[in-house]
Each structure stands twice: as structure tokens, then as C-alpha cells.
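The structure appears right after this line, and notes come after that.
The values are calculated or read from the model by the stated rules, or taken from the named source; none is laboratory data. Please read all numbers here as calculations on a predicted model, not as lab measurements. In this analysis, Cβ positions are derived from the backbone assuming ideal geometry, glycine residues included, and neighbour counts consider all displayed protein chains.
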Amino acid sequence: MSRIGRMPIAIPAGVTVTIAENNKVTVKGPKGTLERELAPEMSIKEEDGHIIVTRPNDLKRMKSLHGLTRTLINNMVVGVTNGYEKVLEVNGVGYRASKQGKKLTLNLGYSHPVEMEDPEGLETVLEGQNKITVKGIDKEKVGQYAAEIRDKRRPEPYKGKGIKYADETIRRKVGKTGKK
């Protein structure tokens, strides 16, 4: 039995969960509303303030969908109550980030500044010129946008220049050595 899929999801106060046909789950909370269509094979029930996901049989596909479905619903519940955020750091001489309205401008040593527009439902917050925080209620979108920002200039192993996640460690390499 799936250890994750078996665990019930507690619904906090102020959060409403509605399960429509075709397993369309809508979660409403203080931070906003999320909806997602989940695998129709799984049965999702609400019982006394908890959501329980059960699978019909023990086929490999059902086992893998069981834990996934439960985790996706849990991520939605956490998103509408607390929200998600990812912190990125810009390292390098002359590398900086600035923000005007919904436009994030990155100077990353290219001949031109890189401009990115905040997607719907997400916001970027700058602390100083080298810390970018991506905030939102959808875990998937927050992670995706943070990855897109990081992709503009990935950290390199020799000097550690580039955009990295705050909790990421860069494997450093030793540079060239001169002739004797």
C-alpha cells in the first residue's frame, strides 16, 4: 500500500474543497482558488474534515497514481493557505536584477538586459539587487518560473557566477594552473 497515498489530508479552517465529477478538485482558501482535474480512476472522498484518496486495484499504474493524486491535492491545500516561494540569488560582478511593475530586468553580462514578465498568479519580489523571491499559490508554476529565471544564466563551476537557488550548492572546480 502506498504510504503517502494512504495518509489523509487535513482541511484547515477557512479552506473549502469541492470534488466535482471526473475528479475535478477545487480548493478555495484565504490566498485564492486552485482547481485541477485528477486521474478519474482514483476515488477522492471528504470525510469529517479530511480528504481520503483510495485506489481501485493494485496495478502498477494505480499504485503510482495513488501517491501522486494525494500529493497534488495536498499541494493545493498548502498553496491556498500558506503559498509557496522560491528564493534565487544572482552572483557575479555587474550581475543584477531590477523590477518595474510586473517586469523583471536582469543584467547578466550579455550585450542586452534580459526582461521577463511575471506570469498570471505569480509575483517576484526583490531584496537588494541580487535576491529574487518568486511567490505564488501554485507550487508547479512557482517552480517552473524560478527554473526559467535560473535558466537565463546558470551558475558556472569555476567562479560560481550566475543565478542559483538559495539552497543550492555549486560544485566548484579548480581553474587552470600556469606553466613552470
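Could you check, for segment 110-120, whether at least one of its residues is exposed (fewer than 13 other Cβ atoms within 10 Å of the Cβ), under 30 Å from A20 (Cβ atoms) and of a type outside the set (G, A, S)? Checked segment 110-120: at least one residue is exposed (fewer than 13 other Cβ atoms within 10 Å of the Cβ), under 30 Å from A20 (Cβ atoms) and of a type outside the set (G, A, S). Restricting attention to segment 62-109, the residues being of a type in the set (G, A, S) and over 30 Å from H50 (Cβ atoms) number 6.
Can you find a residue that is over 22 Å from V78 (Cβ atoms), surrounded by 17 or more Cβ atoms within 10 Å (Cβ to Cβ) and of a type in the set (K, R) anywhere in segment 158-173? Yes - at least one qualifying residue is present in segment 158-173. Checking G67, G92, G79 one by one, the residue that is under 17 Å from the mean Cα position of the chain (by Cα), surrounded by 13 or more Cβ atoms within 10 Å (Cβ to Cβ) and at pLDDT 90 or above is G79 and no other. Residues in segment 142-166 that are more than 13 Å from Y95 (Cα to Cα) and free of Cβ contacts under 8 Å to residues at least 60 places away in the same chain: 10 in all. Inspection of segment 57-69 identifies no residue that is charged (D, E, K, R) and touching a helix residue (DSSP H, G or I) at 6+ places or on another chain (Cβ under 7 Å). With respect to the conditions (1) surrounded by 13 or more Cβ atoms within 10 Å (Cβ to Cβ); (2) touching a helix residue (DSSP H, G or I) at 6+ places or on another chain (Cβ under 8 Å), L72 falls short on a single one, namely (2).
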